[in-house]
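Asks: My structure is below; once you've seen it, I'll send some questions.
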Amino acid sequence: MVNLDDGKKRLVENLVRQGIFRSARVRHALLKVPREEFVSKVYKNDAYLDTPLPLEDSGQTISAPHMVAIMLEELDLIRGLNVLEIGAGSGYNAALICELVGPEGSVTSVERVPELVEFASNNLKRAGYSKDVEVVLGDGTLGYPQWSKEEIYDRIIVTAASPRMPKILESQLKRNGILLIPIGGVFSQELIKLRKHPDGRITRMNVCGCVFVPLIGADGYSPI
Ligand code: SAH
């Protein structure tokens, strides 16, 4: 039997050695949330390998822990923030965000595959996060609520690869907000960090190269 707690500590130590963490808060969140509750049963013993893993038979994956940690550090999450995630997948990243924004904050995660809405919801429930995360079925390229142009969220994180910046998501970001999204081709992307400044001005920077499954929707890739 693999000792999952030891595996979790080893994984986090390796991420520390690689210089992935900038804050103790993200490190603590990774030590707290049980990734084994968010992977498919057959991969339980592999839960603390630093690699993406397939989610049920969906063709989608839970992201590698180092990529999750990089994104959470870039999001600069503090307690009380309202966060929108596009691509709930397993619910793992949503649980980590919950840990970082606390009960004063809110986490909404949109997922387009109905089976994964159920998978993520069940995983979050088992791990004790169901009251703090709302998992909703829909096309996240249109935002949530869909088509709303109101500035609603302090942070938006897209965990699937987009051919371009979905305009509605930019609109739904509040002033002083941060939006993270992988943009590029189907096989590799750049992680883009967009900031909306207090005067509404928008700036973007490239964080790093990355590989995500495609964001499929009205303002993303077309279904194959
Ligand atoms: N954040 C997840 C991993 C996401 S994998 C985790 O922690 O496990 C990317 C997910 O984005 C997949 O589940 C995929 O079905 C979903 N997705 C792709 N296009 C989408 C869209 N337009 N709206 C919502 N979800 C989408």
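The values are calculated or read from the model by the stated rules, or taken from the named source; none is laboratory data. Keep in mind that what you see is a predicted model, and the values were worked out from it rather than measured. Ideal geometry is used to build each Cβ from the backbone, glycine not excepted, and the neighbour counts take in all protein chains shown. Side chains included, ligands, DNA and RNA excluded: accessible areas come from the protein's heavy atoms. Shrake-Rupley method; radii C 1.70, N 1.55, O 1.52, S 1.80 Å.
Asks: From the residues in region 209-224 that are more than 7 Å from the ligand (Cβ to nearest atom) and of a type in the set (Val, Ile, Thr), which one is surrounded by the most Cβ atoms within 10 Å (Cβ to Cβ)?
Replies: Val211
Asks: Could you count how many residues in region 109-122 are without any contact (Cβ under 8 Å) to a residue 40 or more places away in the chain and farther than 12 Å from Thr159 by Cβ?
Replies: Looking only at that region, the number is 5.
Asks: Which of the residues belonging to region 188-208 are part of a loop (DSSP other than H, G, I, E, B) and either within 19 Å of the chain's Cα centre (by Cα) or surrounded by 15 or more Cβ atoms within 10 Å (Cβ to Cβ) (or both)?
Replies: Scanning region 188-208 gives a single hit, Ser188.
Asks: Among the candidates Ile178, Ile192, Ile183, single out the residue that is in contact (Cβ under 8 Å) with a residue 40 or more places away in the chain and not polar (S, T, N, Q).
Replies: Ile178
Asks: If I ask for residues that are closer than 16 Å to Ala64 by Cα and not in a loop (DSSP other than H, G, I, E, B), which ones from region 160-180 would you list?
Replies: Listed by number, the list holds a single entry, Ala161.
Asks: Quick check on this structure: which one of Ser58, Ser63 is closer than 20 Å to His28 by Cα, open to solvent by 20 Å² or more (accessible area, probe 1.4 Å) and within 11 Å of the ligand (Cβ to nearest atom)?
Replies: Ser63
Asks: Please go through region 123-138 and pick out each residue that is more than 13 Å from the ligand (Cβ to nearest atom) and part of a helix (DSSP H, G or I).
Replies: Passing the criteria: Lys125, Arg126.
Here is a yes/no grid of residues against (1) within 15 Å of the chain's Cα centre (by Cα); (2) assigned to a loop (DSSP other than H, G, I, E, B); (3) farther than 24 Å from Phe38 by Cα; (4) basic (Lys, Arg):
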site	(1), (2), (3), (4)
Leu77	yes, yes, no, no
Glu85	yes, no, no, no
Cys98	yes, no, no, no
Glu115	no, no, no, no
Glu150	no, yes, yes, no
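Asks: Here is a follow-up. When region 8-24 is examined, which residues are found to be assigned to a helix (DSSP H, G or I) and buried (at least 16 other Cβ atoms within 10 Å of the Cβ)?
Replies: Lys8, Leu11, Val12, Leu15
Asks: If you don't mind, another one. Hey, among the residues in region 33-66 that are among the hydrophobic types (A, V, I, L, M, F, W, C) and either free of Cβ contacts under 8 Å to residues at least 12 places away in the same chain or assigned to a loop (DSSP other than H, G, I, E, B) (or both), which one's farthest from Asn3 (Cα to Cα)?
Replies: Ala64
Asks: Across region 79-117, which residue is most open to solvent (accessible area, probe 1.4 Å) among those that are within 12 Å of the ligand (Cβ to nearest atom) and among the charged types (D, E, K, R)?
Replies: Glu115
Asks: Here is a further query. Exactly one of (1) in contact with a Cys (Cβ under 9 Å, 6 or more places away or on another chain); (2) free of Cβ contacts under 8 Å to residues at least 40 places away in the same chain is unmet by Gly102. Its number?
Replies: Looking at each condition in turn, Gly102 falls short on (1).
Asks: What are the residues in region 139-148 that are assigned to a loop (DSSP other than H, G, I, E, B), open to solvent by less than 50 Å² (accessible area, probe 1.4 Å) and in contact with a helix residue (DSSP H, G or I) (Cβ under 7 Å, 6 or more places away or on another chain), if any?
Replies: Residues satisfying the conditions are Gly143, Ser148.
Asks: Additional query: Quickly run through region 127-141 and pick out the residues that are under 22 Å from Asp219 (Cβ atoms) and of a type in the set (S, T, N, Q).
Replies: Across region 127-141, the qualifying residue is only Thr141.
Asks: Restricting attention to region 168-187, which residues are open to solvent by 30 Å² or more (accessible area, probe 1.4 Å) and either under 20 Å from Asn93 (Cβ atoms) or within 14 Å of the ligand (Cβ to nearest atom) (or both)?
Replies: Scanning region 168-187 gives Ile183, Val186.
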